[in-house]
1. What distance in nm lies between label points placed 7 Å from Cα along the C-beta direction at A:PHE43 and A:SER25?
2. Greater than 18 Å separation of Cα atoms is the criterion. Which listed pairs, A:LYS127/B:LYS212; A:LYS76/A:LYS146; B:LYS70/B:LYS124; A:LYS45/A:LYS113, meet it?
3. Per 0.36 nm of contour for each residue apart, how much would the distance between B:GLN209 and B:SER164 grow if the chain were fully extended, relative to their Cα-Cα spacing?
4. Given labels modelled 7 Å from the Cα in the Cβ direction, how far is it in nm from A:SER143 to B:HIS262?
5. Just subtract the alpha-carbon distance of B:ASP112 and B:ASP216 from 0.36 nm times their residue separation and send over the number in nm, one decimal.
6. Classify segment B:54-172 from the C-alpha gyration tensor, please: rounded if a/c falls under 1.5, else prolate or oblate depending on whether a/b exceeds b/c.
7. Can you sort B:VAL113, B:VAL208 by 1.4 Å-probe accessible area, starting with the largest?
8. To make sure I understand the rule: partners must be aspartates and glutamates, Cα under 14 Å from the Cα of A:LYS119, and not fewer than 8 residues away in the same chain. Which ones qualify?
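The values are calculated or read from the model by the stated rules, or taken from the named source; none is laboratory data. In this text, all values refer to a predicted model and were calculated from it rather than measured experimentally. Counting neighbours? That spans all protein chains shown, and the Cβs are built from the backbone with ideal geometry, glycine included. The area values use the complete protein model at the heavy-atom level, side chains included, leaving out ligands, DNA and RNA. Shrake-Rupley method; radii C 1.70, N 1.55, O 1.52, S 1.80 Å.
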Amino acid sequence: MLRTTIFNASRSLFAKPSAAIAVRSYHPKVIDHYERPRNVGSFNKADPFVGTGLVGAPACGDVMKLQIKVDEASGKIVDVKFKTFGCGSAIASSSYMTERVRGMTLEDAGSIKNTEIAKELCLPPVKLHCSMLAEDAIKSAISDYKRKRAAATASA
Amino acid sequence: MASLITTTRAKAAQIPFSTAMTSTVSRSSRVILSTAANNTSTRNLSNLTPPRRLNTIMNTKRPETRPCWKCSTPVPYLALQCTNPECKVVQTLAPGVNYFETLGLSPEPSYDVDLKDLRLRFFKIQQLIHPDSYSQNTNGDQVYAQQQSSLANKAYSTLKEPLSRANYILELLGAPIHETESLNEPELLMEVMEARELLEEAQTEDEVQELKNVNDTRIKDTVEGLSKAFKGQDLEQAKTLAIELQYWIRIQNVIRDWVAGHPIVADHV
């Protein structure tokens, strides 16, 4: 409450910002994913056909979870969910990644490069690490799924 | 301008620390960091540049005095003002000085700082060289006063916070945390994810207060661990804990900004 009051007061004090103030603005594509993130949520981690990738960016403290549900017969990703706590670019990168990998084979999904995500979302150089995080997340999810399947076949 | 100067100074002071570190290479590392540019290979934290002692290098490289830019009187290397009573102008920034020295502490980076003492030192410097005292000055040292003042601000704000202090010392010792590193430590990430989810689901002030208590304990424990790690010159452990602290501080910031009924989506730019 106090904070809002102060904020409003200070806003009226500086009602006319000078044009020289630099504003870091996101690209419309990032804002779109950020405002309407696709496939937010979680699958049951224990599901034998779900692979979970959990990665973090140590420099900024972001954390990203990306889960894939795989159809064993076709080897394709049938469903994807993500949850990201971080900046707009990190949310957009993971949201875009979930759309991109749906219906793909594990091999194709694993070969997606961060540069593709960065290009699609027009990420500035300071935000490239967000797209790298999304690439790490899908790779980590795929290897988790493969590890699960290998363990299941070994015990069968 | 000022930030450019401080960066150069920080870089100049990037001198590795102690040779004792090389013996810890075999220690099993909890954190595997993979450089995002090269995802196929994972890199062990212990592959750090072998550090050397800081003070030996500094003592050999740095003269005890330098001439005043105006009257050429030799003044102590770290002096802020000319010691000649006739002159007294603010000195230029001394190259190769780290933030500890800027605030008049020993050049050996130490994680344990007396915050009260740090604040007093900072105020004393600002009193001496605050640019406002030189606004009518005809000596032409107002610019130097601004630079010195700005450096002192930067030094104080970096050293007073446990996270920025840890990161700064790691940088000084040649083991900085890079933007491109990605973290693949399931245990920590799971705890972070869970904490963030609880915070996301919290409805009342009381629930958030409870989460704050838990998080405050995490911060306290991690800071204590950092103090021990730096004291024991265990850079690998210090880096691991600095990364953990980054996550807890982020949660602390989200808690600070928490307002009932407002979902937290992106929590920083």
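1. Distance between the two pseudo-spin positions: 3.9 nm.
2. Details: A:LYS127/B:LYS212 29 Å; A:LYS76/A:LYS146 12 Å; B:LYS70/B:LYS124 24 Å; A:LYS45/A:LYS113 25 Å.
Distance filter (> 18 Å) returns A:LYS127/B:LYS212; B:LYS70/B:LYS124; A:LYS45/A:LYS113.
3. 13.7 nm
4. 3.9
5. Details: separation 104, 0.36 × 104 = 37.44 nm, distance 1.86 nm.
Stretched out fully, the B:ASP112 to B:ASP216 stretch lengthens by 35.6 nm.
6. Numbers: a/c = 2.44, a/b = 1.42, b/c = 1.72.
Judged from the Cα gyration tensor, segment B:54-172 comes out oblate (a/c at least 1.5, b/c at or above a/b).
7. Details: B:VAL113 35, B:VAL208 10 Å².
I get B:VAL113, B:VAL208, largest accessible area first.
8. Partners within reach: A:GLU135.
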